Amino acid sequence: MSDNKSLAPIRTDNRPLYTQAIDSIRELILSGDYQVGDRLPKESTLAHQLGISRSTLRVAMGYLETCGLISRRPSVGTFVATLIPSNSEGSYISNLDRFETLLQIADRTEMDLDIIFREVEEMTAPSEIASAFGIPEGNPVLRMQIVESIDNKPAAYLDTYLADEVTDIHDLEDYEDDAITFLSSYSESAPSHTRSEIWAVNATENIADKLNLAADKAVLYLQETFHTKAGKCVALSNNYFVSESFHFYIVRRLAP
């Protein structure tokens with residue numbers, strides 16, 4: 001990185017300073033002033049250039065990392081991450097080494113996302129769910145099914161189970177967004193990490209009906225278990241994505 005790549009002080013409008021910092025740094029990256037792999041200045045330097053505190057800058061950098069624009073390496077520095085643009089046919093991307101809900105992807109990509117089907121129920125745990133939660137088979141669990149559309153076309157079917165102890169079905173019924181956003185925002189059992197697996201499957205009749213697809217159409221299947229900092233599993237989600245609408249990637253670093 002050359003020394004002439006600097007940022008102007010912000011405080012240009014009435015928005016929160018961290019929001020203005022996000023916009024300034026993101027614009028510098030997306031404009032090409034920084035290339036993939038470039039190391040950004042130290043936090044103290046960036047904060048000084050922007051005229052903000054380091055704590056405010058850290059909030060902005062955390063958001064940029066969640067969005068996949070930067071990668072922070074402890075004791076090494078902060079770097080511009082590998083960027084994969086959305087294609088012209090409306091394929092929206094997500095970096096699998098950072099968890100994002102579809103709402104977060106929608107905010108980042110400015111896509112038109114709507115929930116077109118939503119169902120909440122209390123049921124007895126089948127063996128797979130009971131095993132994940134470490135509870136006896138038949139114990140009560142909560143289930144939320146959602147179909148989300150992009151540009152008025154069904155794009156994702158999210159089938160999520162929550163441990164009965166983490167929330168009340170009435171609170172879940174009253175919530176307007178997806179189960180994981182609810183769990184992260186309103187529960188004392190907010191997850192800190194996931195265990196995720198992804199592969200292609202042929203859509204069953206139920207999945208094809210939910211996503212308005214032909215039966216046996218290939219879809220992306222992402223199964224995730226959500227765990228608290230203490231390691232307790234509090235949710236399991238079976239997610240099905242129309243492959244024409246989503247592209248998932250992961251950045252892998254070479255071993256030293």
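A few points about this structure:
- In this entry, Thr56 passes the filter for residues that are among the polar types (S, T, N, Q), at pLDDT 80 or above, touching a helix residue (DSSP H, G or I) at 6+ places or on another chain (Cβ under 9 Å) and surrounded by 14 or more Cβ atoms within 10 Å (Cβ to Cβ).
- Test result for Asp33, among the acidic types (Asp, Glu), at pLDDT 80 or above and touching a strand residue (DSSP E or B) at 6+ places or on another chain (Cβ under 6 Å): no
- Among the residues listed as Glu100, Glu119, Glu128, Glu173, the single one being of a type in the set (Asp, Glu) and in a strand (DSSP E or B): Glu119
- Single unsatisfied condition, Ser71 versus (1) more than 30 Å from Ala156 (Cβ to Cβ); (2) among the polar types (S, T, N, Q); (3) modelled with pLDDT of 80 or more: (1)
- Scope the stretch 139-165; condition closer than 20 Å to Thr225 by Cβ and surrounded by fewer than 21 Cβ atoms within 10 Å (Cβ to Cβ); matching residues: Asn139, Pro140, Arg143, Gln145, Asp159, Asp164, Glu165
Condition check ((1) in contact with a Phe, Trp or Tyr (Cβ under 6 Å, 6 or more places away or on another chain); (2) assigned to a loop (DSSP other than H, G, I, E, B); (3) surrounded by 13 or more Cβ atoms within 10 Å (Cβ to Cβ)) across all residues:
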{"residue": "Thr181", "(1), (2), (3)": "no, no, yes"}
{"residue": "Ala190", "(1), (2), (3)": "no, yes, yes"}
{"residue": "Ala200", "(1), (2), (3)": "no, no, no"}
{"residue": "Ala215", "(1), (2), (3)": "no, yes, no"}
{"residue": "Leu220", "(1), (2), (3)": "yes, no, yes"}
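- Extreme residue, nearest to Gly68 (Cα to Cα), among residues of the stretch 208-256 that are among the hydroxyl-bearing types (Ser, Thr, Tyr) and modelled with pLDDT under 95: Tyr249
- Of all the criteria given as (1) modelled with pLDDT of 90 or more; (2) within 22 Å of Phe182 (Cα to Cα), the one not satisfied by Glu137 is (2).
- Filtering the stretch 210-221 for residues that are without any contact (Cβ under 8 Å) to a residue 40 or more places away in the chain and aromatic (Phe, Trp, Tyr) leaves a non-empty set.
The values are calculated or read from the model by the stated rules, or taken from the named source; none is laboratory data. In this text the structure is predicted, and so the values were computed from the model without any measurement. Cβ: placed from backbone, ideal geometry, glycine included. Neighbour counts: every protein chain shown.
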